[in-house]
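A.B. asks: Here it is, the structure, as structure tokens.
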Ligand SMILES: [Mn+2]
């Protein structure tokens, strides 16, 4: 491939002249250098004439065709809080290995992640980039990717190829195995880095190697590649162990310092940085988990319970594409549930019942084979970790605890035993009756005694069933004078009393 000699770039150089590498990118249909579509993080669109590949859009969960036209070197807005730009850092920071894992992503999106980290990290701090290919199907991610990174960043990029699809969790562990710098960052391969992202992170890890650091996340829109700023947030989760952004803790808000680290109970998971040896000591990610989902929450519980911490750094920012579709298209709900049960069994003590409740499964005989957790339980014991109640009180006090749940399960009426209380249509959100099916909408947490009436505290009237020709199934839910109808909960779990 024509790539003239005058373009000798050594690794300590982070800027370069764009024309030098046009010979490498262009034959692959890629664009390098400054300017062009999407520059500065602006929304981009393709012309009317180029709508031929809607198919690729569906494949990747973002507009891959548009991505191909946006420079791998585009700049994005500096969304750091103003005060961050005045901070200075030691010259003596540890180096980082940056791990990107991917399966079936657009080549241009992976390479933009790579370019972006090279362009926005001081060269002396970036020891290496490790690309973990979790057994992608696409041909361009084999030869083209190898060829490109070896020519473009000789000696800087390692590629690890999984011979079978391992899932995100074990793919990251493979990346960790290949890493040699004292600090390792794990990222999805559809991200772009903000100026100055690395220095504050490496400073916090150097001060205390038991801190797991999360860059603050901004959003790259999947359809236009516009980069949008997200508000400062911590990363929490619900009892199903699904992650979500939550408001930062009150003491952080009270402090009024936007550069301060935000304590976080867990992580969304698309990017985190950790001391390499410490990560090994605390057990990496749970290799018994499959695909993805739950591992991000489990790490949060584990690091806090075992004496470390996790925090979001608003001065360190990474923009990330929220894909409309993920490439692991096997039954993600099943794996998320299975992984959640592993985390619950190992880390959550008596609160594990909340996870079973959230997934609407009985604790005895849940019908989900979550595998062997004995090694993870032994790890917890070996590290002498604190209990989950401590974690809830000190790290995640916002989490709602269901203290007075007597039981949960389906609710059936004594006059129409084949029918259960269920959720009505989304528009009016009213309770209805529906043939019992045992699925989530019918399984509820109630604080009334089973085998009794449901009585309104305000009016003393009862929720009962009435025959009605016009209603679905000939039955209607009514609130009326109590006539002695009883409701029975099929008892799925006795919640432990605290
Ligand atoms: Mn992602």
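Computed from the coordinates by the stated procedures, all read-outs in this text should not be read as laboratory data. What you see is a predicted model; the values in this text were computed from it and never measured. Please note: Cβ atoms are built from the backbone with ideal geometry, for glycine as well, and neighbour counts cover all protein chains shown.
A.B. asks: Once you order the gyration tensor axes a ≥ b ≥ c over the Cα atoms, which shape class does region 284-403 get: rounded for a/c under 1.5, otherwise prolate or oblate by comparing a/b with b/c?
C.D. replies: In terms of gyration-tensor shape, rounded.
A.B. asks: Hey, another quick one. Hey, what does the equivalent ellipsoid look like for region 159-204, semi-axes from the Cα gyration tensor as sqrt of 5 times each eigenvalue, largest first, whole Å?
C.D. replies: Each semi-axis is √(5λ); the values are 24, 14, 8 Å.
A.B. asks: Also, I was wondering about something else. For region 301-344 and region 260-281, what is the centre-to-centre distance using only Cα atoms, to the nearest Å?
C.D. replies: Between the Cα centres of region 301-344 and region 260-281 lies a distance of 11 Å.
A.B. asks: Tell me the mean residue ellipticity at 222 nm calculated for the chain from its helices only (DSSP H runs of n ≥ 4, each -39500 (n - 2.57), averaged over every residue, nearest 500).
C.D. replies: Using -39500 (n - 2.57) per qualifying helix, the result is -7000 deg cm²/dmol.
A.B. asks: Place the peptides 337-349, 303-315 in order of packing, highest mean first, counting for every residue the other Cβ atoms within 10 Å and averaging per peptide. The partial results should precede the final answer.
C.D. replies: On the way: 337-349: 23.8, 303-315: 21.5.
Top of the packing list down: 337-349, 303-315.
A.B. asks: Then there's this: Does region 194-309 classify as rounded, prolate or oblate by the C-alpha gyration tensor (a ≥ b ≥ c root eigenvalues; a/c under 1.5 gives rounded; else a/b over b/c gives prolate, otherwise oblate)?
C.D. replies: Because its axes are fairly even, with a/c under 1.5, region 194-309 counts as rounded.
A.B. asks: Here's a follow-up. Within the chain, what percent of beta bridges assigned by DSSP are antiparallel, to the nearest 5?
C.D. replies: 60 percent
A.B. asks: Sticking with this one: If packing is taken as the average count of other Cβ atoms within 10 Å, what order do 30-39, 475-484 fall into, highest mean first?
C.D. replies: Put in order of decreasing packing, that is 30-39, 475-484.
A.B. asks: Then there's this: log10 I(q)/I(0), Debye, Cα-only region 181-234, no solvent, q = 0.14 Å⁻¹?
C.D. replies: With one equal scatterer per Cα and no solvent, log10 I(q)/I(0) is -0.46.
A.B. asks: Sticking with this structure for a sec: Place the peptides 65-75, 222-232 in order of packing, highest mean first, counting for every residue the other Cβ atoms within 10 Å and averaging per peptide.
C.D. replies: Those peptides, ordered most packed to least, come out 65-75, 222-232.
A.B. asks: Once label points are set 7 Å from the Cα along Cα→Cβ at both residue 431 and residue 365, what is their separation, rounded to one decimal in nm?
C.D. replies: Going from the residue 431 label point to the residue 365 one covers 2.8 nm.
A.B. asks: Would you calculate the convex hull of the Cα atoms in region 5-321 and tell me its volume per residue in Å³?
C.D. replies: Considering the Cα atoms of region 5-321, their hull volume per residue is 139 Å³.
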